[in-house]
Amino acid sequence: TRRSSDLQNGEISQSMSDYDEFLLGTNPTIRDTDLDGIEDGWEMYLGTGKVPWMDPIILDPVNNDTDGDGLLDGMEVYVANVTTLLNPYIAFVLVTPFNTSAANNDTDNDNLSDKFEIMNNFNPANNDSDNDTLSDYEEFVIWNTSPINNDTDGDGLSDRSEERRVGKECRSRWSPYH
């Protein structure tokens, strides 16, 4: 069993019994069995539904990429200690640096993985990163326009306007992948 006294630098812990660790298949001698950056106890606690201000996040403490999108769970969400001298009670917040879900490989449901969107500077939490009413998938896969620029060719007409007006004729040379 891990104890709070084992922690350093203001970390906060969510402990688990050795029995619970045995049942889950985690290693009771390592705080983070899958080395994803989230302690096993936190991975289990976040999925219990006991955190009153959030929906459960079901994470796998023996798989470092629960949703299989190529981003470690700890890259998508982590627990931060917000305890200060002015707020001396142990408190935590969940931080999602990319605004993605560690339990869903396509947070915005646009058929592009979170990792792909992050690597291409798309917004993985918004299925239309440039707000032109064409989804990132439509722009990248179908129309070959930029999901991060609502006027890919710079002619003053939005990509949606051109798509409506000329259909597939609006394909540009934006993407090096096509």
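The values are calculated or read from the model by the stated rules, or taken from the named source; none is laboratory data. Predicted, not measured: the structure shown is a model, and the values here were computed from it. All Cβ positions, glycine included, derive from the backbone under ideal geometry; neighbour counts span all protein chains shown. Ligands, DNA and RNA are stripped out before the accessible areas are found, and what is left, the full protein with its side chains, is counted by its heavy atoms. Shrake-Rupley method; radii C 1.70, N 1.55, O 1.52, S 1.80 Å.
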- Subset of the range 33-74 (residues that are polar (S, T, N, Q), over 17 Å from residue 93 (Cα atoms) and in contact with a Pro (Cβ under 7 Å, 6 or more places away or on another chain)): 33
- Note on the structure: All conditions in (1) surrounded by fewer than 16 Cβ atoms within 10 Å (Cβ to Cβ); (2) over 30 Å from residue 164 (Cβ atoms) are true of residue 99 except (2)
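For the structure I just gave you, tell me whether residue 66 is buried (at least 21 other Cβ atoms within 10 Å of the Cβ), hydroxyl-bearing (Ser, Thr, Tyr), touching a helix residue (DSSP H, G or I) at 6+ places or on another chain (Cβ under 7 Å) and within 16 Å of residue 38 (Cα to Cα). Before the answer, list the steps.
Details: buried (at least 21 other Cβ atoms within 10 Å of the Cβ): yes; hydroxyl-bearing (Ser, Thr, Tyr): yes; touching a helix residue (DSSP H, G or I) at 6+ places or on another chain (Cβ under 7 Å): yes; within 16 Å of residue 38 (Cα to Cα): yes.
So residue 66 fits the description; yes.
Looking only at the range 104-120, filter to residues that are part of a loop (DSSP other than H, G, I, E, B) and open to solvent by 50 Å² or more (accessible area, probe 1.4 Å); which one of those is farthest from residue 60 (Cα to Cα)?
Top of the filtered list is 111.
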- Query: Of (1) over 30 Å from residue 44 (Cα atoms); (2) modelled with pLDDT of 95 or more; (3) open to solvent by 70 Å² or more (accessible area, probe 1.4 Å), residue 169 satisfies all except one. Which?
  - Reply: (2)
- Item | Whichever residue in the range 1-26 is open to solvent by 90 Å² or more (accessible area, probe 1.4 Å) and in a loop (DSSP other than H, G, I, E, B) and, among such residues, is modelled with the lowest pLDDT | 3
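Residues of the range 34-63 being assigned to a loop (DSSP other than H, G, I, E, B) and open to solvent by less than 40 Å² (accessible area, probe 1.4 Å), which ones?
34, 36, 38, 39, 47, 51, 54, 57, 59, 61
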- Message: If a residue must be acidic (Asp, Glu) and either part of a loop (DSSP other than H, G, I, E, B) or in contact with a Phe, Trp or Tyr (Cβ under 8 Å, 6 or more places away or on another chain) (or both), how many such residues does the range 130-144 contain?
- Response: 3
- Among (1) modelled with pLDDT of 90 or more; (2) closer than 26 Å to residue 18 by Cβ; (3) of a type outside the set (Phe, Trp, Tyr) - the single one residue 110 does not satisfy: (2)
- Task: Evaluate the following for residue 127: is it more than 18 Å from residue 115 (Cα to Cα) and part of a loop (DSSP other than H, G, I, E, B)?
- Result: no
- Message: I'd like to know if the range 79-92 contains one or more residues that are modelled with pLDDT of 95 or more and exposed (fewer than 15 other Cβ atoms within 10 Å of the Cβ).
- Response: no
